[in-house]
Structures are given as C-alpha cells and as structure tokens.
C-alpha cells in the first residue's frame, strides 16, 4: 500500500505550499522512506529551518546511515560499538 506524504513545495497553482508525494517520489528525491524524513533532517540539519544537524554528517552520510540502520534510534545504539572509521561513529558522544 502506497501512503501519501506531504512535502513542502513552492507555492503551487492552487495556492498551497504543500503537495502530496508517493513513497516512491520521496525515496527518489531524498533517498529514504517517508517515515525517515524527520531523522534525515535531524542528522544532516537544514539551515532554512534552523536545524543544526550532527557535526560532520551531510545529506549523503545521513542517507547512508538511515538505509543501513533503518532508524536513527538503531544507528545511535550501533554508534557505541562500531569502529571509529565507520560513519556511524560520528553519532557517538
């Protein structure tokens, strides 16, 4: 079942600032499932929304971590046990 996600967009022809996206659209645009969009923002931050993000974690690293661990909670737990060379270690401490 495809769930609709609403994502902010520029002002559309109907005057709204949001538009419906399918899960496939969200994945194609952001690289993560719709449920992980808040985690993506939390990890890599967003200047326009004044969200700082995690130091040394950009969008690419955030997507990689969320694809690998499926959630920010699992990634945080794993960060204690991975090598310092693993991107997941950026979440520790």
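Read-outs: derived from the displayed coordinates by stated rules, not from any lab. For clarity, every value in this text was computed on a predicted model and none was experimentally measured. For neighbour counting, all protein chains shown are included, and Cβ atoms are generated from backbone atoms with ideal geometry for every residue, glycine included.
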At 7 Å along Cα-to-Cβ for each site, give me the label-to-label distance between residue 73 and residue 49 in nm. 2.0 nm
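What is the projected area of the convex hull of the Cα atoms of the stretch 5-91, averaged over all directions, in nm²? Working shown, then result.
Values: hull surface 24.2 nm².
Dividing the Cα hull surface by four gives the mean projection, 6.1 nm².
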